[in-house]
Structures are given as C-alpha cells and as structure tokens.
Amino acid sequence: MQKVGFIGWRGMVGSVLLERMRRENDFQGFSPIFFTTSQQGQPGPDVGGGALPLRDARNLQDLADMDILVSCQGGDYTKDIHPKLRSAAWRGLWIDAASALRMNGESTIVLDPVNRPAIDRALDAGCVDFIGGNCTVSLMLIALQGLFEADLVEWVTSMTYQSASGAGAKNMKELIAQMADLGDAGRALAADPAGEVLELDRIIGAKLRDGSLPTAEFGVPLAASLIPWIDSALPCGRTREEWKGMVETNKILGRDKQIPVDGQCVRVGAMRCHSQALTVKLNRDIPLAEIESLLDQANDWVKFVPNEKEATLQKLTPAAVGGTLTIPVGRVRKMALGQQYLTAFTVGDQLLWGAAEPVRRMLLIALGRL
Ligand code: HSE
C-alpha cells in the first residue's frame with residue numbers, strides 16, 4: 001500500500017484539504033502518515049485508522065520513506081526540505097500547495113480540469129514535482145477554460161478583488177477585528193434612523209486614519225478600504241502576484257505561443273473568495289450566445305450567470321460562492337471597445353479551487369483514483 005505523508009495539514013489550506021478528503025471519503029486505499037514541524041509524537045488526526053503519533057517533518061529519513069509527500073506547509077519549508085530530499089535521491093512524488101517550485105523547469109503546475117493531459121504526460125515521463133497554481137490563476141483558468149480551449153483568446157487583463165484568506169489566517173482575523181472596531185465606533189449612529197450620515201462617515205474616517213485599528217498583518221486598514229498591492233515588488237512595476245498571472249497561466253496552458261495576461265491585483269475585504277473583472281481580447285468575432293455556451297460547458301464547476309441584476313446578486317458574489325467549488329462567470333458582454341473585446345466577472349473560493357482542490361485531485365491522480 002502506498003504511503004502518503006502530509007505536512008502542514010493543520011494550517012488553513014491543509015485543514016481545507018483534510019476536510020475535503022474526509023468528506024469525499026478519500027482516506028482509503030493508501031496509508032496516510034501525518035508529519036509536524038513542532039509536535040512530534042503527539043497524536044495525529046484520526047482519518048479512519050486511529051490517531052497515530054505525528055512524525056517529525058524535518059526527519060529526512062522518515063520523509064524519504066514515503067511514496068508521496070503532500071505539503072501545505074508553505075514556501076520556506078519547501079525551499080528547505082525539497083532540495084535535501086532530492087539530493088538524497090528520493091524519487092517519490094512531491095505535491096505542494098506553495099509557490100516555491102512552480103516555475104521550476106521540472107515541475108508541473110496542476111489544475112487537472114484544464115491540463116490533465118500535461119499531468120499525465122509528466123507522470124508517464126517520470127516527473128516527480130506537482131505544484132498547485134496561484135489562486136487567481138487557477139480560478140481564472142477554470143472560469144475561462146471554454147475560451148482558451150476554443151483558442152479564442154488573444155490576451156486577457158484581470159483586475160482582481162482578492163480576499164483576506166489569500167494573505168493568511170491571521171489576516172482574516174485582522175479584517176474581522178477591524179470590522180468589529182469600525183462597527184463599535186459607528187454602531188449608535190448607523191442604527192439611528194435620524195443619524196447624520198456625514199457624521200457617521202466622519203467617525204469611521206477618523207477611525208480608519210487615527211492608527212487605532214489592528215494593522216499588524218496588512219499594514220493599513222482593509223475594512224472599509226482596499227489595498228491595491230499584493231506580494232512583493234518586481235523591477236518591471238508589477239507585483240509578484242501580477243507577474244504570476246502571465247507566467248503561470250502560460251505554463252499551465254503549455255502552448256508554444258504565449259498569451260499576454262496582465263492586470264492589477266487588489267486586496268478587498270472579502271473573506272475567502274477571490275473575484276476578477278476580466279477583459280478578453282478575442283482573436284475573432286463570435287456571437288455572444290456561442291461564447292456563453294463555451295464558457296458554461298467547459299468543465300463541471302464553471303457556471304454561466306446571465307448578465308441580469310437578480311442572477312448576479314444571487315450567484316456572482318463572494319457571499320454566495322464561499323465554501324463551494326462552483327466558479328460562476330457572469331457580467332459577460334461585448335465591450336464598447338469593439339466586437340472582439342469581451343468583459344466578464346468571475347468569483348471562486350480561494351481555499352478550494354484556489355488552493356486545496358487541485359492538490360487533492362493531484363493526489364487522487366497519483367494514486368490512480370481519478
Ligand atoms: N497570493 C494569493 C493572495 C494567495 O495573496 O491572495 C495564494 O495564491
């Protein structure tokens with residue numbers, strides 16, 4: 001029976017992965033072994049075979065005893081441990097949610113609804129590193145798969161509205177703490193029907209600027225505001241998150257001709273859904289109805305939402321999509337720029353299809369179950 005080691009299963013992405021695997025009854029037909037960087041020997045999670053003691057996630061021998069390692073521990077762990085295992089000639093499969101190895105020549109970015117043939121080819125060729133993609137990239141590709149597959153896309157801009165979850169668990173808490181403080185400051189006036197709205201705005205504005213909100217994680221208030229910067233700066237003027245949009249999209253699509261993908265990445269006060277306003281330059285003019293049907297039928301998770309107010313409000317918001325695997329795409333129309341310019345809006349759960357699900361499915365593929 002194959003031995004599969006899990007590292008970083010207690011973090012946010014790892015917890016979502018475990019939850020999904022439990023729900024889908026995935027813990028069977030292989031031997032799951034749980035590792036820890038800090039609690040060696042303590043009981044691990046019981047996923048059906050009893051709670052076994054946790055193993056040391058820095059013990060190379062224990063790790064190398066696994067056929068497959070699944071890491072949600074983060075990039076620093078990957079950068080430390082992966083090269084050591086590979087130089088010790090470990091040839092098991094390394095499946096990782098972190099970005100550290102994504103752009104390595106030998107690794108495959110996994111998003112099987114879109115690039116299953118590339119994953120199968122890599123497995124057949126003996127490749128051993130399979131890495132989940134950046135969340136906005138994975139969510140955009142699932143949403144627009146129908147257009148990419150029909151080879152209709154000349155270029156894409158993606159203007160993102162990224163949730164706090166993409167920045168981490170502490171950031172989600174900080175967002176809510178900021179909201180709570182703002183709520184406390186404005187509650188009386190907001191509840192008073194005769195309350196002066198400009199006075200309410202003055203109180204909230206003062207609170208946003210007086211330095212009293214918790215900002216240890218984001219650096220500035222996100223609640224009642226936004227942050228048009230995600231990740232580090234690159235010399236080209238893009239942030240690293242914006243750079244990933246083009247390089248990862250093209251690596252996943254694996255075409256000879258690069259498709260330009262660019263835009264601005266913005267953090268907003270959503271909890272766990274990333275949204276994206278897309279402009280697609282089509283390489284030919286095709287009727288809208290055909291585009292809608294291509295989008296809707298591309299995979300099992302994308303759902304076309306008619307460009308109507310009620311459907312949009314009910315189906316195309318982070319509030320509606322959070323916690324689900326559905327990737328709605330709506331607000332689809334030709335733009336005033338010309339018949340080959342399409343706009344669309346999409347929303348997806350950053351922790352599910354944006355992080356844990358591609359990793360979960362890659363494990364099932366590796367185990368021959370998908
Ligand atoms: N980098 C993403 C974000 C999350 O900050 O929202 C991980 O893909």
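What number goes with the only condition from (1) exposed (fewer than 13 other Cβ atoms within 10 Å of the Cβ); (2) on the phi < 0 side of the Ramachandran plot; (3) not in a helix (DSSP H, G or I) that G237 does not pass?
Result: G237 fails condition (2) only.
Search segment 150-168 for residues being in contact with a Pro (Cβ under 9 Å, 6 or more places away or on another chain) and among the hydrophobic types (A, V, I, L, M, F, W, C), and hand back the single one that is most open to solvent (accessible area, probe 1.4 Å).
W155
Only one of these conditions is not met by Q258: (1) surrounded by fewer than 20 Cβ atoms within 10 Å (Cβ to Cβ); (2) in contact (Cβ under 8 Å) with a residue 40 or more places away in the chain; (3) away from the ligand (no atom under 16 Å from the Cβ). Which number is it?
Here Q258 meets the rest and fails (2).
Of all residues being of a type in the set (V, I, T) and more than 14 Å from the ligand (Cβ to nearest atom) in segment 150-182, which is nearest to L213 (Cα to Cα)? Just the residue, please.
Among residues in segment 150-182 that are of a type in the set (V, I, T) and more than 14 Å from the ligand (Cβ to nearest atom), the one nearest to L213 (Cα to Cα) is I176.
If we scan segment 104-124, do we find a residue that is surrounded by fewer than 15 Cβ atoms within 10 Å (Cβ to Cβ) and hydroxyl-bearing (S, T, Y)?
So in segment 104-124, the residues surrounded by fewer than 15 Cβ atoms within 10 Å (Cβ to Cβ) come out as 104-106, 116-117, 120-121, 124.
Now drop any that are not hydroxyl-bearing (S, T, Y), which leaves none.
So far as segment 104-124 goes, no, none of its residues is surrounded by fewer than 15 Cβ atoms within 10 Å (Cβ to Cβ) and hydroxyl-bearing (S, T, Y).
Run down L141, L147 and say which single residue is surrounded by 20 or more Cβ atoms within 10 Å (Cβ to Cβ), within 16 Å of the ligand (Cβ to nearest atom) and part of a helix (DSSP H, G or I). Let's see the steps before the verdict.
Values: L147 fails: within 16 Å of the ligand (Cβ to nearest atom).
None of the others qualify; the one that does is L141.
Can you pull out the residues in segment 192-215 that are open to solvent by 50 Å² or more (accessible area, probe 1.4 Å) and either touching an Asp or Glu at 6+ places or on another chain (Cβ under 6 Å) or of a type in the set (S, T, N, Q) (or both)?
S212
I'm trying to understand the selection: among the residues of segment 349-370, which are open to solvent by 10 Å² or more (accessible area, probe 1.4 Å) and assigned to a loop (DSSP other than H, G, I, E, B)?
Result: Q350, L367, G368, R369, L370.
Within segment 346-369, is there a residue that is touching a strand residue (DSSP E or B) at 6+ places or on another chain (Cβ under 7 Å), over 30 Å from A100 (Cβ atoms) and not basic (K, R)? Can you show your working first?
We begin by selecting, within segment 346-369, every residue touching a strand residue (DSSP E or B) at 6+ places or on another chain (Cβ under 7 Å); these are 346-350, 353-355, 358-359, 362-363, 366.
From what is left, the residues that are over 30 Å from A100 (Cβ atoms) are none.
No - not one qualifying residue is present in segment 346-369.
Across segment 103-135, which residue is nearest to the ligand (Cβ to nearest atom) among those that are within 21 Å of the chain's Cα centre (by Cα) and in a loop (DSSP other than H, G, I, E, B)? I'd like the intermediate steps shown before the answer.
From segment 103-135, those within 21 Å of the chain's Cα centre (by Cα) are 103-104, 107-116, 118-119, 129-135; that's our starting set.
Filter once more, so that each one left must be in a loop (DSSP other than H, G, I, E, B): 103-104, 111, 133-134.
Values: M103: 14, N104: 17, L111: 12, G133: 8, N134: 4 Å.
Restricting to residues being within 21 Å of the chain's Cα centre (by Cα) and in a loop (DSSP other than H, G, I, E, B), the top hit is N134.
What is the one condition in (1) within 16 Å of the ligand (Cβ to nearest atom); (2) at negative phi; (3) of a type in the set (G, A, S) that G219 does not satisfy?
Unmet condition: (2).
Cβ contacts < 9 Å: first residue open to solvent by 20 Å² or more (accessible area, probe 1.4 Å), restricted to segment 216-230; second residue acidic (D, E), any location; separation 6+ or different chain. Result?
Once the first residue is open to solvent by 20 Å² or more (accessible area, probe 1.4 Å) and sits in segment 216-230, its partners that are acidic (D, E) give A216/E174; E217/E174; F218/E174; W229/E241.
Say we look at segment 8-33 and pick out the residues that are over 21 Å from G368 (Cα atoms) and of a type in the set (A, V, I, L, M); which of these is most open to solvent (accessible area, probe 1.4 Å)?
Restricting to residues being over 21 Å from G368 (Cα atoms) and of a type in the set (A, V, I, L, M), the top hit is M12.
Name the helices (runs of 4 or more DSSP H) wholly within segment 1-96 that hold at least 2 residues that are more than 22 Å from E357 (Cβ to Cβ) and of a type in the set (F, W, Y)?
It comes to none.
If you go through segment 61-80 one residue at a time, how many are under 25 Å from the mean Cα position of the chain (by Cα) and in contact (Cβ under 8 Å) with a residue 60 or more places away in the chain?
8
So which residues in segment 222-247 are in contact with a Lys or Arg (Cβ under 7 Å, 6 or more places away or on another chain) and under 20 Å from A98 (Cα atoms)?
I230, D231, S232, L234
Could you list all residues from segment 239-255 that are without any contact (Cβ under 8 Å) to a residue 24 or more places away in the chain and not aliphatic (A, V, I, L, M)?
Across segment 239-255, the qualifying residues are R240, E242, W243, N250, R255.
Farther than 20 Å from D151 by Cα, modelled with pLDDT of 95 or more and within 19 Å of the chain's Cα centre (by Cα): which single residue out of L313, L351, L367 fits that description?
Criteria check complete, one pass: L351.
The values are calculated or read from the model by the stated rules, or taken from the named source; none is laboratory data. Here the structure is a predicted model, which is why all the values come from computation and not from measurement. Cβ atoms come from the backbone with ideal geometry, glycine included; neighbour counts cover every protein chain shown. Areas reflect the complete protein model, heavy atoms only, side chains present, ligands, DNA and RNA absent. Shrake-Rupley method; radii C 1.70, N 1.55, O 1.52, S 1.80 Å.
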